[in-house]
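Below: the structure, in structure tokens.
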Amino acid sequence: MPKAVAQEAASGTSDGFTDDPGEPIEVVSDTAEWKRAENLAIFTGRVDAVQGTMRLRADKVFVHYVQKDKAEGEAEAEPVKEDVPEGFEGDPEPGPAPGQSITKIDAKGNVIITDIDGQTAVGDWALYDMKKREIYMGDTVVLTQGENVIRGQKLVMNLDTGQTVVDAGAAGAEGSQGGRVRSVFVPADEGEGG
């Protein structure tokens with residue numbers, strides 16, 4: 001399958017889509033649902049998630065989380081009792097509880113990922129594997145930075161290395177550009193430091 005690789009220049013400058021994994025993730029949406037038994041939070045409607053310099057927007061986002069490993073012999077922390085409005089006394093707090101970490105973020109529908117450096121990736125779906133620090137996108141992917149555009153069927157972004165691979169997918173697949181990756185690179189004007 002034809003592939004195109006976009007990677008940071010040898011100078012070591014970033015080509016975008018790098019974030020700080022220690023930064024909090026803020027999610028804003030029309031509705032939010034937590035399924036504690038499934039370790040799942042579901043955000044629906046104009047979802048906008050931001051971590052550091054990276055932003056993900058989509059129609060629906062599923063956030064999967066797990067219990068962090070406890071140190072051997074560590075005592076179970078007592079839950080903190082807070083003032084709770086009448087009628088909500090037995091309800092658990094929404095979202096991941098203390099001691100839980102996000103493992104993956106699954107976005108569906110009109111997915112747009114942007115970075116402070118002006119790079120944008122658009123696709124029908126995206127999966128952010130927090131442990132591998134990789135983002136996978138699919139079904140008619142468009143990657144842009146300024147006037148430069150790369151189109152394909154699948155994209156894999158490694159947030160640690162800055163490497164992005166775009167794949168054309170199977171020949172004849174909808175939006176596959178004839179089974180090939182299509183790229184347009186616009187040279188910088190002479191007067192722009194080039």
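At a glance:
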{"quantity": "Filtered residues of the range 27-42 (kept if open to solvent by 20 Å² or more (accessible area, probe 1.4 Å) and small (Gly, Ala, Ser))", "calculated": "29, 32, 37"}
{"quantity": "Total residues in the range 130-171, condition of a type in the set (Ser, Thr, Tyr) and either open to solvent by less than 10 Å² (accessible area, probe 1.4 Å) or closer than 21 Å to residue 103 by Cα (or both)", "calculated": "3"}
{"quantity": "Where residue 45 falls short, out of the listed (1) at pLDDT 95 or above; (2) farther than 23 Å from residue 129 by Cβ; (3) open to solvent by 60 Å² or more (accessible area, probe 1.4 Å)", "calculated": "(3)"}
{"quantity": "One residue from 183, 176, 101 being of a type in the set (Ser, Thr, Tyr) and either open to solvent by 50 Å² or more (accessible area, probe 1.4 Å) or at pLDDT 90 or above (or both)", "calculated": "183"}
{"quantity": "Residues (free of Cβ contacts under 8 Å to residues at least 60 places away in the same chain and in contact with a Leu (Cβ under 9 Å, 6 or more places away or on another chain)) located in the range 143-162", "calculated": "149, 151, 155"}
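The values are calculated or read from the model by the stated rules, or taken from the named source; none is laboratory data. The model shown is predicted, which means the values in this text are computed figures rather than measured ones. Backbone-built Cβ (ideal geometry, glycine too); neighbour counts: all protein chains shown. SASA here: full protein model, heavy atoms, side chains in, ligands and nucleic acids out. Shrake-Rupley method; radii C 1.70, N 1.55, O 1.52, S 1.80 Å.
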